[in-house]
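The next block holds one structure in the form of structure tokens; read it before the comments.
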Amino acid sequence: MTYHAEVIAGGKIVIPGDLRREFGIKDGDTLMLDKDGSGRLSIMTVEQSVRESQRRAQAIFGDECSVEQFLRERRANWGGE
């Protein structure tokens with residue numbers, strides 16, 4: 001579904017209420033804006049951005065990509081495990 005957002009004074013974007021409710025966006029929340037190589041602009045919540053980063057990392061590193069795995073490797077390198 002396509003939505004329209006109005007840009008008001010100072011470059012502020014008014015996000016339609018339906019979308020704010022659906023994505024849990026509240027006053028004062030931080031949103032991430034991303035411009036891809038084709039010039040497309042996307043807006044994500046911080047939570048969405050984290051999930052996307054995790055998805056990309058898993059695609060590269062597989063199931064071995066976890067905080068626990070990282071900490072195990074570091075402890076082994078430090079002689080702590």
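The values are calculated or read from the model by the stated rules, or taken from the named source; none is laboratory data. None of the values given here were measured: they were computed from a predicted structure. FYI the Cβ positions are ideal-geometry reconstructions off the backbone, even for glycines, and counts take in every protein chain you see.
Being in contact with a His (Cβ under 8 Å, 6 or more places away or on another chain) and in a loop (DSSP other than H, G, I, E, B) is a condition met by at least one residue of the stretch 12-19.
When the stretch 23-81 is filtered for residues that are of a type in the set (F, W, Y) and either loosely packed, with under 10 Cβ neighbours inside 10 Å or modelled with pLDDT of 90 or more (or both), the ones remaining, listed by number, are F23, W78. Would you check if there is a residue in the stretch 28-44 being in contact (Cβ under 8 Å) with a residue 12 or more places away in the chain, assigned to a strand (DSSP E or B) and of a type in the set (S, T, N, Q)? Looking through the stretch 28-44, none of the residues is in contact (Cβ under 8 Å) with a residue 12 or more places away in the chain, assigned to a strand (DSSP E or B) and of a type in the set (S, T, N, Q).
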